Every structure is written in C-alpha cells, then in structure tokens.
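Before any comments, here is the structure.
Please treat every number below as a calculation from the coordinates, not as lab data. Small disclaimer: the values here were computed from a predicted structure and weren't measured. Note that we place each Cβ from the backbone using ideal geometry, even for glycine, and neighbour counts take in every protein chain shown.
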Amino acid sequence: MQIQPQKSKYQLKVSICVSFALFIFVVGCASTHETTKITRAWAVAATTLQDFTFPKDFLWGAGTSSHQVEGNNTNNDWWQWEQYIPLNMRSGQACDEWNRFEEDFRLAQTLGLTAYRFSLEWSRIEPAPGQFDNSALTHYREMILSLKSKGIEPIVTLNHFTIPLWLVNEGGWLSDKSPEFFAQYVQKATEALGGDVHYWITLNEPAVYTYKSYMIGQWPPGEKSTKKAFNVVKSLARAHVLAYGKIKEVYAQKGWPEPKVGIAQQVLIFAPCSSYSFRDKLSAKLRDGMINHLFVQALIQGKARIFGVFSIKLPKAGTLDFIGLNYYTREYVRSRGFLLSDILGSECVPKNPRGKKTCLGWEVYPQGLYTFIKAFSKYKLPILISENGICTNDDTQRSQFIEEHLKAVALAMKEGAPVIGYLYWSLIDNYEWAEGFAPRFGLIEVDYTTQDRKIRESARKYEEIIRSGKLIF
Ligand code: GCO
C-alpha cells in the first residue's frame, strides 16, 4: 500500500487560494462571454425577427391577484397588517373586482387576450380551518366559466402571498402543518373548479415572499430572521409538492384531462457593480443561483443544498410541468468579503449607464428576459412568462416596454426556447402591496373613486401584436 505524502499546511493554503482564484476567474470569464453573446443577439434582433411569427396557440394574457384587485379581503394576514399602516395605503375595496369581473373580462376579450391569470383567495374559500365556503367556490367557478365563454384560458394561482387569519394563528408557513393545510385547501379548490382549469400555479414568488415577510420584515408577519426564512422556504417547497400530488390525484379520479401545474418564480438579473471585479461577478453569480434557481431546482430534483447553510429533501422530485417566470428588472451587487453573507454582497449603484427607470425606480432592461428564458431552457420544461410589466404614468413608456420585452421573448423562441405564453402584469391598475395604489401597472386604467375603467393606448399596441402575431420594427 502506498502512503500519500501529507501536504504541509502551507501547501494546503496555497492550493485552496489557487483553486478559489481559478474559480473566480472562470466565473468572471463565463459571465463576460454571456454578456457579449446577448449584446450581439440584441443588436441584430430586428433582422433576425423579420420573419418571426408567434405560434397560433401562444397564450397572450395579463394577470392580477386576489388581494390586489378583489377588495374587502378582510379575513387574511394582509388586511390585518394594513390596520397598522396609513389609511390611504390600505387595500379597502381595491378595484372591486369581486363584483366587476364580468366587465373586466369583457375588456380583456376586446383586447384579444387569450389567457388570464388570477388567484384564488384562500381566506374566502376556507374562512375557518377545515370549513369551506361553497358560495366563494361558486363565485370563482362563475369567473372561470365567464373567461372560457370569451375564449380566454384561465390560469389559476392558488396562493399569491396572502394567507387566512386562522393559519396566522397556527404560525403561518412556520407551522409544520402548513403544507398539509395548503394541500387540503388545494384539494377542495381542485374538486370544485378543476374540470375547467388546465393551468395551475401553486405559489407565487416563494423567494420574494420569504425575503419580504421573513427577512426584511416589510410584509406580514414582519419577521427578520434568516433561520425562520429558511424554514418557510422548506414549508413552501413541501406545500407545492403536496399540492401538485393532490391536483393530479383529483384529475385522475374525475377522469379529467391531465392539467399542467407550475409555480411563478421571480427572476432578477444580478449584475456586478464593477465589470472588472471578479469578486463582484462571483456575488452576482451566487445570488442568481440562490434567489433565481434554487427553488425551481429543488422541485425538479426533489432536493437542494447550500453547503453548511441549508438543505432540503422533498417527498417527490419532478413536480413541475412548466416554469412560470416573473421578470421585471436588473439589480447591481458588490461583494463585501469572503463569508457567505459577504460574498452574496449588497446592492450598489454602478458607474456605467443604466436603462430608463420605472415609477418604482426599477431599471428597464429587456435583455434580461432573453437571458432568463435562455437560462431556464436548460430545465427542458415549457416556460410561461407569468408576469412582466411596468408601473409608469407615461403610457408610451409602457408600449415600448411591452414591445421590447416581447422582442426578448421572440428572440429566445427563434433560438428554440419553449415559451408557451406571455402574461403582462397587470390587466388593471391595482393595489401594489406596501406601495399602495400609486404605482400604475395596468393595461386598463382604474379610477379608484368611481371604479371606472379606461383602456390605455399601450393596451391597444399590445392588441395589435396579439392580433398579428408579429412584432413591428
Ligand atoms: C410581486 C407580485 C405582484 C406585483 C408585481 C409588481 O412580485 O409582488 O407577483 O403581486 O404586483 O410583481 O410588483
């Protein structure tokens, strides 16, 4: 037997440093290469897309969520939270969508939309643990049938951030029982509505929810704890897996055609603050992995691990039939050091010029959508752009935003990406959580005093693209 010579401590340190430097170098080179590729593709897009037409069955839509539009959702955690914020920042009657959905769906039909994403309000369907409200289920059924009668495909989100107050009392997503509670609600909703729904989104933006509600305390329950945040991620992942199983089970029992079940994953481009800094590039890369990909990978592989920080093993792998991407903007990061939290870095303002900003100060960066569609194509699953939109008081900016982002979609599709639809966020102006009603995202303007609706010019531009299936350059 040959005995391996022991490396001296000095040699070991040197080899760790060399490997780390090499790793940083490779990451740096790879990201420079990627950026160059995108810039080139973008520059020649007008020529590349001359003969491009979106497929006939492409889902052209827009989205909303229950608490943001319905009004008077008094039985959930957000409503409770709003009692402690200024009066004009509370959701109140929102867009009164609960009573006006028919009018809004007619407007959507006028615009040629073929898909509409909305969410079910868990606290309406299950106002108390184990007690289901048939009138709420009937109401959602009417909404679904109204959409279908107008040739609009319903895409139903089962949880868009809000949870019933009774679940808050149980500990919310920190409770070990929360995945089972969710699965039970999903089963009821599927039994009542499933026959007419083909696309389900179980959870909206699990990473954003966890970050805002459990790390920075900006949303209910206002926690600031990394440990709790990781536990919530685990509950959400388990909740998805159980819900996926329930939906499939109910459809099989009823003999309905198999539905497609996915999540809406928020994706944010993380760019290095300095394009010369390999360390900043590494921070950007790590954030991309943890925030944009981790959850999706966990559901696909049935497990995920961040060495020494987090690990999860799920009861089942392969529980995504499609990936929903919510894309808005790009953020810049700077590395702070060598511990994990420091490598993840912090936000910074770069020296290089950036694109125009939205009303919330988010940079408009359509190339990012192309980047993500390409990157997520590696999972070999259909991709739905489940949210993409802009808040602005300049409607011309909204038209440009839509055109540019659809250019990104078309470009990626031309290169073979499996995109099945694009859902603009949002159909109507609505309640933007902690930002209140000021940000205007809608294709349709809402006058909150009269509840009058008005189709915006940008919606007409979107309609032109939908009807022709082509981008106009
Ligand atoms: C979110 C949601 C939407 C938002 C939209 C605009 O990301 O918070 O999915 O509810 O309204 O993204 O910020």
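Some values worked out for this structure:
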quantity: Sequence of SER458, SER346 once ranked by neighbouring C-beta atoms within 10 Å, starting from the fewest; calculated: SER346, SER458
quantity: Cβ charges +1 (Lys, Arg) and -1 (Asp, Glu), total dipole of segment 182-251, debye; calculated: 380 debye
quantity: When each of LYS248/LYS380; LYS356/LYS407; LYS356/LYS454; LYS357/LYS407; LYS212/LYS374; LYS212/LYS380 is checked by Cα-Cα distance, pairs over 24 Å; calculated: LYS356/LYS454; LYS212/LYS374; LYS212/LYS380
quantity: Mean-position separation - Cα centroids, segment 323-364 and segment 114-175, in angstrom; calculated: 33 Å
quantity: Ranked ARG456, ARG106, criterion: other C-beta atoms within 10 Å, fewest first; calculated: ARG106, ARG456
quantity: Likely footprinting exposure, PHE372, PHE118, PHE132, fewest C-beta neighbours within 10 Å first; calculated: PHE132, PHE372, PHE118
quantity: Dipole magnitude (debye, nearest 20) for segment 223-319, charges at Cβ of Lys, Arg, Asp, Glu; calculated: 300 debye
quantity: Placed amide H near PHE437: partners under 5 Å, 5+ positions off or other chain; calculated: GLU432
quantity: Mean residue ellipticity (222 nm) of the chain, computed from DSSP H runs ≥ 4 via -39,500 (n - 2.57), nearest 500; calculated: -13500 deg cm²/dmol
quantity: Estimated FRET transfer efficiency (ARG305, ASN169; beta-carbon r; R0 41 Å; 0.05); calculated: 0.80
quantity: Given charges at Cβ of Lys, Arg, Asp, Glu: the chain dipole, positive-most of LEU344, LEU203, TYR332; calculated: LEU344
quantity: Net charge of neighbours whose Cβ lies under 12 Å from the Cβ of GLY92, counting Lys and Arg as +1 and Asp and Glu as -1; calculated: -2
quantity: Estimated vicinal HN-Hα couplings, Hz - segment 419-424 in sequence order (Karplus 6.51, -1.76, 1.60; Gly, Pro = x); calculated: 8, 9, x, 9, 10, 5
quantity: Förster radius 51 Å - calculated FRET efficiency between MET89 and LYS254, Cβ distance, rounded to 0.05; calculated: 0.75
quantity: Nonlocal amide H pairs with ILE155, under 5 Å, H built at 1.01 Å; calculated: TYR116, ARG117, PHE118
quantity: Dipole of the chain [Lys/Arg +1, Asp/Glu -1 at C-beta], most positive-end residue of GLN400, CYS273, TYR84; calculated: CYS273
quantity: Net length gained if the chain between TYR276 and ALA46 were fully extended (0.36 nm per residue, minus Cα distance); calculated: 79.7 nm
quantity: DSSP bridge orientation in the chain - percent antiparallel, rounded to nearest 5; calculated: 25 percent
quantity: Around ARG117: net Lys/Arg minus Asp/Glu count, Cβ-Cβ under 14 Å; calculated: -4
quantity: Chain lengthening between GLU464 and SER341 when straightened (0.36 nm per residue, less Cα-Cα); calculated: 39.6 nm
quantity: Radius 13 Å from Cβ of SER146, net charge of other residues (Lys, Arg +1; Asp, Glu -1); calculated: -2
quantity: Set of segment 278-306 residues, backbone N closer than 14 Å to the point 7 Å along the Cα-Cβ line of THR35; calculated: 278-285
quantity: Size of electric dipole in the chain: Cβ of Lys, Arg +1 and of Asp, Glu -1, about Cα centre, debye, nearest 20; calculated: 2320 debye
quantity: Selection from PHE230, GLY151, TYR244 lying farthest towards where the dipole of segment 138-271 points positive, charges on Cβ; calculated: PHE230
